[in-house]
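Everything on this sheet refers to the single structure shown next.
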Ligand SMILES: *Cc1c(COP(=O)(O)O)cnc(C)c1O
């Protein structure tokens, strides 16, 4: 990438007096900004001509990797393709130009989209009612736990403060419980990766009266279907707790099974995962929350208006374009693709938990540990071949986790290409380990210091100047 030629920061391209704009003639007269509100000195903005700006940002955008660039097998995150028709629907001026404070009678179309999306989600999950307000999966977890807390409080069951979370859970689960003012108890997994029912039984025997809820991800973060849910659900309900379903892994369930039928009372859905809306640069997302009948009166106000309405629009467009018939193929296809990759690579990558997976699975690094090549090295080398890295070092159950999720979208050719490259990297690890350990070689920036990048990111120009001083 040659953007170094054009400077890394727009500020570095600045030339005093250069302009890329001209303001229209002022037809409105002048308004005197009160002295106290005026700047004392000019803002330090870059001064560039239009073409410099266009080249700078176009070159920067080419450094980005997205689902539109190539395969993005990021386990746990369901990075599926975002169909362009979703964007077209969300951009229709009748929806895009709405103002949240418009009179209700002028926004009936948008209201209908929200209602119909909720109805579709109810049907797909087997739950009774949904709220579209939460802005993300984690926000949905918090919202769902607030529902559960509200329910227990309404029954004056005030001692119920414990949330049971399996040790394989995503970090947001315990975090959401803590933010909601609840306490977390962890339940261990068996060596096959599923919840240890005996450990759970002991836990419930000891704390039955204090249990507010159990949070489960199914299939769990190892991509394994939790077969003991009927037993678990019965134990938790008999103890007076509610069952929370982390819907981040709902994708392989589409067309196969419904959380409501499994006995879950509350769940969130990540529209940016299962329902093909963009993950964006940290947002906007949406994490609708669904509940069993009788819990809908406990929905809290967690955002203004209807949440991220344009995200809801995209998800509804996705559901309609697949339709009742084809949405049933999503889960089975995602599952087939994951198992195909797993079986094709398990002779060279360590598969700690063998057997049928759902939409994703976890390798524990390369099978041959003698090369010294780590999961991090494999992930970096994949970038050289034009693939986004899988999720690495999560889940925490293994030292060298490499978590792959292909989704239902990918063609056999793309998947075969990925398998071939993964095998190639395993070969390189044996024959030329340094090549892998020093990767990436072909990206605009080579290997970064992860700790420094995470702990001391330089995100402002000013800071850069200060640091130089
Ligand atoms: C992604 C994910 C979450 C959090 O969802 P966000 O939308 O990123 O807030 C929670 N649990 C699991 C299992 C996930 O994969």
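FYI, it's all coordinate maths here, none of it is from the lab. The shown structure was predicted, so the numbers you read here are calculated from the model rather than taken from an experiment. Cβ placement follows ideal geometry from the backbone for every residue including glycine, while neighbour counts extend to all protein chains displayed.
Would you work out the relative contact order for region 330-429, in percent, from Cα pairs under 8 angstrom that are 6 or more residues apart?
Values: 148 pairs, mean separation 32.2, N = 100.
Answer for region 330-429 is 32 percent.
Which of the peptides 17-28, 369-380 is most tightly packed, and how do the rest follow, going by the mean number of other Cβ atoms within 10 Å of each residue? Kindly include the intermediate steps, with their values, before the conclusion.
Working: 17-28: 7.5, 369-380: 19.2.
By packing density, highest mean first, the sequence is 369-380, 17-28.
Give me the Debye-computed log₁₀ of I(q)/I(0) at q = 0.13 Å⁻¹ for the chain, equal point scatterers on Cα only, no solvent, two decimals.
Summing over Cα pairs of the chain leads to -1.27.
Per-residue counts of other Cβ atoms within 10 Å, averaged by peptide: what ranking do you get for 423-431, 78-86, highest first?
Peptide ranking by packing, descending: 78-86, 423-431.
Please compute the alpha carbon radius of gyration of region 2-118, then divide it by the globular-protein estimate 2.2 N^0.38 Å. Two decimals is fine. If you can, show how the numbers build up before the last one.
On the way: Rg = 22.3 Å, N = 117, 2.2 N^0.38 = 13.4 Å.
Rg over 2.2 N^0.38 Å, computed on Cα atoms: 1.66.
Rounded to the nearest 5, what % of DSSP beta bridges with both residues in the chain are antiparallel?
Details: 15 of 32 bridges.
Taking every DSSP beta bridge within the chain, about 45 percent pair in antiparallel fashion.
Quick check on region 181-287: of the DSSP beta bridges with both residues there, what percent are antiparallel, nearest 5%?
Details: 1 of 10 bridges.
So the antiparallel bridges in region 181-287 amount to around 10 percent.
Per the helix-only calculation at 222 nm, which mean residue ellipticity applies to the chain, given -39500 (n - 2.57) for every DSSP H run of n ≥ 4 and division by its residues, nearest 500 deg cm²/dmol?
Helix-only estimate at 222 nm: -12000 deg cm²/dmol.
Would you compute, for the Cα atoms of region 286-331, the largest minus smallest coordinate along each principal axis and list the three values in descending order, in whole Å?
34, 26, 14
Rounded to two decimals, what ratio of Rg to Rh does region 247-324 give with C-alpha atoms and a Kirkwood Rh?
Numbers: Rg = 13.2 Å, Rh = 13.7 Å.
That ratio equals 0.97.
Tell me, what is the percent relative contact order of region 239-313, built from C-alpha pairs under 8 Å that lie six or more residues apart? All intermediate terms of the calculation are to be shown ahead of the outcome.
On the way: 80 pairs, mean separation 20.9, N = 75.
Value for region 239-313: 28 percent.
Quickly rank 305-316, 332-343 as a protection proxy: mean count of other C-beta atoms within 10 Å, highest first. Provide the component values of the computation, followed by the final result.
Values: 305-316: 22.1, 332-343: 20.2.
Sorting 305-316, 332-343 by mean packing, highest first, produces 305-316, 332-343.
Tell me, 191, 401 in order of fewest to most beta-carbon neighbours within 10 Å?
Numbers: 191 9, 401 22.
Ordered by Cβ neighbours within 10 Å, fewest first: 191, 401.
Return the ratio Rg/(2.2 N^0.38 Å) for region 301-413, where Rg is computed over Cα atoms only. Could the numbers behind the result be given before it?
Values: Rg = 17.9 Å, N = 113, 2.2 N^0.38 = 13.3 Å.
Working it through for region 301-413, the quotient is 1.35.
Region 138-191: D in µm²/s via Stokes-Einstein (Kirkwood Rh, Cα pairs, 10 °C, 1.306 mPa s)? Write out the running numbers ahead of the final one.
On the way: Rh = 11.6 Å.
For the chosen part, D equals 137 µm²/s.
Mind jotting down the distance between the C-alpha centroids of region 347-372 and region 77-148, whole Å?
38 Å
log₁₀ I(q)/I(0) of region 213-257 at q = 0.21 Å⁻¹, via Debye over equal Cα point scatterers, no solvent, to two decimals?
Calculated log10 I(q)/I(0) at the listed q: -0.71.
Please report the relative contact order for region 106-205, taking Cα pairs under 8 Å with a sequence separation of at least 6, and give it as a percent rounded to a whole number.
Answer for region 106-205 is 19 percent.
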